[in-house]
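Any read-out appearing in this document is the output of simple, stated calculations on the displayed coordinates, not a laboratory observation. None of the values given here were measured: they were computed from a predicted structure. Glycine also receives a Cβ, built like all others from the backbone with ideal geometry; neighbour counts cover every protein chain displayed.
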Amino acid sequence: MALRVAATAVMAARAAPRGMMRLFSTTSPNSFMPPPIAAMGNGEGTPGREQAPPSTNLFVSGLNKRTPSEKLREAFSQFGQVVDARVVTDRVTGYSKGFGFVRYASIEEAEKGRVGMDGKFLDGWVIFAEYARPRPERPPPQNMTNSNGYNSYARE
DNA sequence: GGTGAGCGG
């Protein structure tokens, strides 16, 4: 379909006098329209699935539910200094949720640990390592005033 | 007891 349109346009251009070309293009004789793209979204409407920017914190998923935090640290320590490694467990049942977080001392180490552990096996399960999503330490400013009606923000 | 995509405390 596009070929037919292009061929027709080419034939028309070759048959048309030079004066007609000006009606189609003001500058370049071969460009029909300036690309109006690269302005809209890239087709992804799920911001949660997007990759996070590099940081020292790594999100590790696909873990075996019996894998403890020590095993996680042990596996990731061969790529850098692990400052913190924890497997997320349910607070009430204490059972592992199958994912965890690994924090390195530097982003360089985190990068090495990410590419070094992503897709690797750990306790028989293929794990996935990626940069952890930047989440606010403090809860989002829902209500800046406390029950007394005063501003309760006295820290940084 | 133990699910199999996900972003904790």
- Which whole-number value in Å³ per residue fits the convex hull of the alpha carbons of the stretch A:51-131? 78
- Query: Quick one: putting +1 on the C-beta of Lys and Arg, -1 on the C-beta of Asp and Glu, what dipole do you get for the stretch A:51-131 around its Cα centre, in Debye to the nearest 20?
  - Reply: 280
- Item | Charge dipole (the stretch A:51-131, unit charges on Cβ, about Cα centre) - positive-most of A:G94, A:P54, A:S69 | A:G94
- Difference of contour (0.36 nm per residue) and Cα-Cα distance, A:F101 to A:S61: 13.5 nm
- Query: With each label point set 7 Å from Cα along the Cα-Cβ vector, what nm distance links A:R91 and A:D123?
  - Reply: 2.2
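May I ask you to compute the full-extension gain from A:V83 to A:V115, defined as 0.36 nm times their residue separation minus their alpha-carbon distance, rounded to one decimal in nm?
Fully extending the segment from A:V83 to A:V115 adds 9.7 nm.
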